[in-house]
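Please read the structure below before turning to the comments.
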Amino acid sequence: MGWFSRDDARQQQPSGPTPGTVEAVEAALHPYVRWLRSLGAQVPGRAMVLCRLIGDHLEDVVADPSARLLDVQTLVTLERTASAHVPDTINAYLAARGVAGAQDMLIQQLTTIEHVASSAARRSIDNARDALEIQGAFLEEKFGHG
C-alpha cells in the first residue's frame, strides 16, 4: 500500500486494552498467574505466598466495579506490577539466589510491592464508598428528607 493508505493506518493501531485501565490490569493478570504457576519450587515459599497475595489484590481490583474510579497512574502501576515489577524482582532473585542475603532482599522487595497492591485495592473500595456518600449528599440536597 501507499504512504497515505487507510489500510496501513488500521494495521498500525495498537491491539489490546488501553494502558491505565482496569482491562489492562486484567490483561496483565492472566499471564502473571500462569507465570507464577510455572515457577514451582524455584522461589522460596514465603516469596510465593507474597506473589499470590499480590495477585489476589490485583484480582480484587479487577473484580471491583469501583476500580474504574482509580486514577490512571494507580492502574498503570498495578498493570506493571503484574507484567514487570514482580517478574523483574523474581528474575533478579533467580540470577542471584546464591548470593548471601538474596532471599531476604527478595522478601523485602515483594513485601513492598504487596503493600502497593494492597493500598490500591483499598483505595478502590474507599472510592466506591466516597462515590456513594457523594451520591447520597446530592440526593439529600436535591430532594430533601422523605
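Computed from the coordinates by the stated procedures, all read-outs in this text should not be read as laboratory data. Source: prediction; values computed, not measured. Using ideal geometry, Cβ is built from the backbone for each residue, glycine included, and neighbour counts are taken over all protein chains shown.
Please list, by residue number, every one of the trypsin sites (Lys or Arg not before Pro) in segment 97-146 that is coil in DSSP and has at most 13 other beta-carbon atoms within 10 Å. Please list the in-between numbers first.
Values: sites: 97, 122, 123, 129, 142; in loops: 97.
Answer in residue order: 97.
Place a +1 charge on the Cβ of each Lys and Arg in the chain and a -1 charge on the Cβ of each Asp and Glu, then give the dipole magnitude about the Cα centre in debye, rounded to the nearest 20. Walk me through the intermediate numbers first.
Working: 13 positive and 18 negative charges, 105 e Å.
For this selection, approximately 500 debye.
Scan the chain and note any complete DSSP helix (H) whose C-alpha atoms cover at least 18 Å along its axis and whose Kyte-Doolittle average is -1.0 or more.
Details: long enough: 22-39 (26 Å, 0.31); 45-63 (27 Å, 0.68); 102-143 (61 Å, -0.22).
Helices meeting the criterion: 22-39, 45-63, 102-143.
Run the paramagnetic zone check for residue 102: 7 angstrom along Cα to Cβ, then residues of segment 34-74 with backbone nitrogen under 14 Å.
42-44
Translational diffusion coefficient of the chain at 25 °C, 0.890 mPa s, Stokes-Einstein with Kirkwood Rh over Cα pairs, in µm²/s as a whole number. Could you put the intermediate results ahead of the total?
Values: Rh = 17.6 Å.
The Stokes-Einstein estimate is 139 µm²/s.
So, in nm, how far is label residue 68 from label residue 142 when the simple model puts each one 7 Å beyond its Cα toward the Cβ?
1.8 nm
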